[in-house]
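The values are calculated or read from the model by the stated rules, or taken from the named source; none is laboratory data. All values reported here derive from a predicted model rather than from experimental measurement. Ideal geometry is used to build each Cβ from the backbone, glycine not excepted, and the neighbour counts take in all protein chains shown. For accessibility, only protein heavy atoms count, side chains too; no ligands or nucleic acids. Shrake-Rupley method; radii C 1.70, N 1.55, O 1.52, S 1.80 Å.
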Amino acid sequence: MADPTAPLLDVRNLTKIYPRRKGLFGKGDDFVALDDISFTVARGEVLGIVGESGSGKSTAGRIAMDILPRTSGQVLFDGVDPDGMDRRQRRAFRRRAQMIFQDPYASLNPRMTVEQLLRTPLALHGLTAGPAEDRRKLVAALDLVGLPETLLNRYPHEFSGGQRQRINIARALMLDPALVVADEAVSALDVSVQAQVVNLFMDLRERLGIAIVFIAHDLPVVGVISDRIAVMYRGRIVELGETVAMFTRPRHPYTAMLLNAAPAPDSAPAGPMAARLPAEETDGAGGCAFRPRCPFAIAACATGKPPVRMLEGGHMTACLRDELVIDGPLAGQSCR
Amino acid sequence: MHTFRRLMKIRTASAGLVMVAVLAVACTLLPPLLPYDPLEIDLHHRFLPPLSGGHVLGTDEIGRDTLVRLLAGARTSLLIGLSAMVLSTVTGCLTGGLTGFHGGWTRRVLMRIVDSVLCFPTIFLLLTLASFGQPGAPTIVGIVSLVAWMEVSRVVDGQVRALRGREFVIAVEAMGASGVHMLLRELLPNITGAIIVVSTLNVARAILMEAYVSYLGNGIQPPQPSLGAMLNDAQEYLRPDPWLAILPGLVIAIAVIGLNFVGDGLRLAVDPRQGRRA
Ligand SMILES: Nc1ncnc2c1ncn2[C@@H]1O[C@H](COP(=O)(O)OP(=O)(O)O)[C@@H](O)[C@H]1O
Ligand code: SF4
Ligand SMILES: [Mg+2]
C-alpha cells in the first residue's frame, strides 16, 4: 500500500507530441500539445486545470487516465505508473480513477437505459451481487447525484444536459473512485445548471472524500471548487498555486488576463471565456509563448523559455518578471 | 418501435413488406393445404392453363402443379436468402467489427481485398465459383455468402470506425472495458440499423443469385423445384405456354422488389436525417 501522505496522482514531466503532416507527403511538423508539465493531486483534493481551448487540458487529463499514449514523462497513481501496471493493479486503477467528459450527450450510450448504463461498471469489474443488492447500489448512486430511481428505465435522450451529466457522475460513483477527472464537465451546460453541477462535485468531495481534477476553460468556475489551480497556456503550466493566493496576487500575466476577463470567484460562474486562441499566431518563437499577448513583456522575454520559478507556499510561475505585482479580484480582502 | 412506425409511413416500404410477408406466409402455410405434391407427375394433364382441371395456376410439361412448385421454389429461395444473410451478416460483423475497431494493417489488407472483389461483377464470380462446387442449396448459400459478407463487412467497418472515438466508448474504456465489450455491447448495438439495411438487401440479392445460378443449371437440381430452374424449363414452351415463364418470373420479382423496397425504406427509417437530405 502506498504512503498515505504521498500524492494520489503525481504527474511528472509529461510531454505529448502529435506528429502532424503537412499535405500528403509533407515533412512532419510535430505539434507539442504538452511541454514538460508536472502536477500532483492529494487525496481528497480538488485541483483545477484552466486554460483556453487547445491549451492541452484534455490531453493532460486523458494521459493521466491512461486512455491516451504519452510521448514521455511519468504518471504515478498511488505511486505506480499505469504504464507498468500488472493486470490486477490495472483493474484497480480502472476502478479507482474515473473520468467525466465534456459532452453529456455523447458520453452515454444512446441505446442503453439508465439502469443498463449504471450496471455496466459493476459488470465490468465483476462487482455484481444479485439483482436486489445491485439495485440498491444503483438507487444509492442516483440518490447521491439527486436523481429519483423512477428514471432507471429511461433512455439518455429523455434527459436534459444537466441530468445527463448527473447520470455520468452516478455511473462514475458506482465504482467508489478515489479520483475523478472531470474534463469540462460543466462547460456544455447552461449557466444556472453549471452552478448546480459544480455544487454536486463539491458535495461529493465533502461527503465521499473523492479527489477531483476539475478541468475547465473558465477560471471563475474553477476557482469556486478548486483548492489549487494549474493554469495552462500552449501546452505548458504557466502558473500553479493555491486558489486564494492566485486570486489575490496572480503571478503570471496570463492568469491575470483570465481573471480580468471574468467576474470575481464568489459570484455566479460566468459563461465561456471570450478570449480564445487566434488561429495562426506566432508562438513567440524562442521566448515566452505568451509574449505576443503580454502587456508586461520586456526584452528579456524574447530570449529563451522562461524557467519555472518556485515561490513561497508551493506557488510556481513561468513568468520572468518576479517584481510584477498584479492585483487579483481578492486583493485587499484580508481573508476569503 | 419508432423506426417501424417511420418505415410504415414510407409507401414503397410498407408495400414491400406486404409483398414479402404474403409470399412468406403463402409458401409456409399453403402447400400442406393443397392436394398436390411438387414432384407429382401427371402425364394426362400436361400444359393445363391456369384455372383449369383443378389446378389454380395450371400444370407444366409433365403435369406437375405449377402453384405447388412455385410455392416450394419460393420457399427454397427464401430459405437460401435467409441462410446466406445470416452467414454473411455474422461474418461481416465480426470482420468489419475487428478491422473498424483495431484499424492498422489488418484493416488495410482486408478492405483492399474487399474493394477489389466487390468491383468485379458479382454474377461472373458467382458462376465461376458455382461451376466448381457440388450443385445444391448449401453450395449456393456458401457462394452467395462469400460475396455478401464483404458488403456487410465494409458497412460495419465504416460505422465502427466512425463511432470508435466517440465519448461513450472512451468512457467505458476508461472504466476498464475490454475490446470485446466495447465492440459487442457499445458499438454494434448502435449500428444495428445499418446492419439490418445491408442484410435485407442481401436477402434480395441472394434470391436473385439463386435464380441466376439455378437458371444456368448449376444450382438446385431437378426434380426439386426452384424458381430459376422453372424459368429455364419454361423457355422451350415460351410460345404456346407463356405463363410457365411468367409465373416464376413474377414470384422472383415480388420477392426481390419487395425486399429492396423494405431495405431502401429501412435506410430512411433508421436514419431520418438521411431522409430529409434525399
Ligand atoms: N489527435 C490529435 N492530433 C493532432 N493534434 C491534436 C490531437 N488531439 C489534440 N490535438 C491538439 O492538441 C492541442 C491540445 O488539445 P486539447 O488537449 O484537446 O486542448 P484543450 O482540452 O485544452 O482544449 C490542440 O491544439 C489540439 O489541436
Ligand atoms: S515572461 Fe515576459 S512575456 Fe512571458 S508572461 Fe512574463 S512578462 Fe509576459
Ligand atoms: Mg478539452
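A few points about this structure:
- Hull-based mean projected area of the range B:1-59, where the convex hull spans the alpha carbons, in square nanometres: 5.9 nm²
- Lys, Arg +1 and Asp, Glu -1 on Cβ, resulting dipole of the range B:200-269 about Cα centre, debye, nearest 20: 200 debye
- When Rg and Dmax are taken over the Cα atoms of the range A:1-140, they come to 18.5, 60 Å.
- Cα-projected label distance for residue B:184 with residue A:206, points at 7 Å along beta-carbon direction, nm: 4.4 nm
- The average projected area of the range A:190-230, computed from the convex hull of its Cα atoms over all directions, is 2.9 nm².
- Percent antiparallel among DSSP beta bridges (both partners in chain A, rounded to 5): 55 percent
- Nearest 10 degrees, 0 to 90: helix A:191-208 Cα axis against chain A principal axis: 70 degrees
- If you take the alpha carbon atoms of the range A:168-265 and fit the smallest convex hull around them, that volume is 108 Å³ per residue.
- Taking 7 Å steps out from each Cα toward its Cβ at residue B:237 and residue A:309 produces label points 10.4 nm apart.
- Each Lys and Arg Cβ is given +1 and each Asp and Glu Cβ -1; about its Cα centre, chain A then shows a dipole of about 820 debye.
- For chain A, the longest principal axis of the alpha carbon atoms and the long axis of helix A:87-96 meet at an angle near 80°.
- Debye-sum result for the protein assembly as shown in log10 I(q)/I(0), which assumes one identical scatterer on each alpha carbon, at q = 0.08, 0.09, 0.12 Å⁻¹: -0.73, -0.83, -1.18
- Interface between chains A and B: roughly 1600 Å² of accessible area buried, both sides summed (probe 1.4 Å, protein heavy atoms only).
- Peptide A:101-110 has a mean shielding of 4, counted as Cβ atoms of other protein chains within 10 Å of each residue's Cβ.
- With a Förster radius of 30 Å applied to the beta-carbon distance between residue A:300 and residue A:260, the computed FRET efficiency rounds to 0.80.
- Helical content of chain A, expressed as a calculated mean residue ellipticity at 222 nm, amounts to -8500 deg cm²/dmol (DSSP H runs of 4 or more residues, -39,500 (n - 2.57) each, divided by residue number, nearest 500).
- In the context of the full set of protein chains, the range A:22-109 has a per residue accessible area of 44 Å² (1.4 Å probe).
- Hits among aspartates and glutamates - C-alpha to C-alpha of residue B:9 under 16 Å, sequence gap 8 or more where chains match: B:264, B:271
- Between residue A:154 and residue B:113, the distance separating the two model label sites (each 7 Å from Cα on the Cα→Cβ line) works out to 4.8 nm.
- Chain B: angle of helix B:243-270 to the longest principal axis, Cα-based, in degrees nearest 10: 20 degrees
- The magnitude of the dipole of the protein assembly as shown, with charges of +1 and -1 set on the Cβ of Lys/Arg and Asp/Glu and taken from the Cα centre, is near 500 debye.
- Within 10 Å of the Cβ of each residue in B:171-183, the mean number of Cβ atoms contributed by other protein chains is 6.
- Calculated on the Cα set of the range B:179-277, radius of gyration then Dmax: 18.9, 64 Å.
- Carbon plus sulfur fraction of accessible area for the range B:60-216, probe 1.4 Å, in percent: 69 percent
- The protein assembly as shown: antiparallel DSSP beta bridges as a percent of all, rounded to 5: 60 percent
- Computed over chain B, the Cα gyration tensor eigenvalues convert (square root of 5λ each) into semi-axes of 41, 21, 14 Å, ordered from largest to smallest.
- R0 of 56 Å, Cβ-Cβ distance residue B:131-residue B:11: FRET efficiency to nearest 0.05: 0.85
- In terms of overall dimensions, the range B:101-237 has a Cα radius of gyration and Dmax of 19.5, 69 angstrom.
- Based on the Kirkwood approach, the hydrodynamic radius assigned to chain A is 21.1 Å, with every pair of different Cα atoms included.
- Cα-based equivalent ellipsoid of the range B:88-178: semi-axis lengths in Å, sorted from largest, via gyration tensor: 33, 14, 9
- Under the Debye formula (equal points on every Cα, no solvent term), log10 I(q)/I(0) of the range A:105-158 at q = 0.17, 0.26, 0.27 Å⁻¹: -0.52, -1.13, -1.18
- Where N is the number of residues in the range B:1-123, Cα Rg divided by 2.2 N^0.38 Å: 1.61
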